[in-house]
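The values are calculated or read from the model by the stated rules, or taken from the named source; none is laboratory data. Because the structure is predicted, anything quoted here is derived from the model rather than measured. Note that each Cβ is placed from the backbone with ideal geometry, even for glycine, and that neighbours are counted across all protein chains shown.
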Amino acid sequence: MAHDHAKPVDLTRNQELVLGALNHAPAPLSAYDILDRLRGDGLRAPLQVYRALDKLVERGLAHRLESLNAFVACADEHCHRKGLIAFAICEGCGKVDEFADAVIEERLGGWAKQTGFKVERTTMEIRGKCAECLKAA
Ligand SMILES: [Zn+2]
Ligand SMILES: [Zn+2]
């Protein structure tokens, strides 16, 4: 589960609200989920949410999960947006675990060197069942 980042001081109110919603969610949220949660705080337009999300993702405070078209707060205090980010997505409970793996990263680094491919970012999304769900089955 995502734990709180040391709070950056220069977030706008909307960015703070969106990050707060992501931090308190047990599973990834779509932009519309976020909008739903923040209506009471005065957010009305999807564009407000998208703008805030863009900035949060750009700064590595949140990540977009392409396969779910949803967002999670970054679970790592040391922003690793330049390196490899891996997400284990449980299809049972929807929980997402973020982790980094130095070995995979090294391998990919070697591959990139060999092929001359310039890597901008690498996101792995691993789908399956988490240990809790397997136990419950
Ligand atoms: Zn992260
Ligand atoms: Zn699960």
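Worth a mention:
- Flag for Arg51 being modelled with pLDDT of 90 or more and within 18 Å of the chain's Cα centre (by Cα): yes
- Single unsatisfied condition, Phe87 versus (1) closer than 25 Å to Arg13 by Cβ; (2) in contact with a His (Cβ under 9 Å, 6 or more places away or on another chain); (3) within 15 Å of ligand 2 (Cβ to nearest atom): (1)
- The sole residue among Asp41, Asp101, Asp33 that is of a type in the set (D, E, K, R) and either crowded, with 18+ Cβ neighbours inside 10 Å or within 16 Å of ligand 1 (Cβ to nearest atom) (or both) is Asp101.
- Unique residue being near ligand 1 (Cβ under 9 Å from one of its atoms) and either of a type in the set (Asp, Glu) or assigned to a strand (DSSP E or B) (or both) when the list is Ile89, Ile85: Ile85
- Considering Ala70, Ala136, Ala45, the condition of being at pLDDT below 95 and closer than 25 Å to Leu19 by Cα is satisfied by Ala45 alone.
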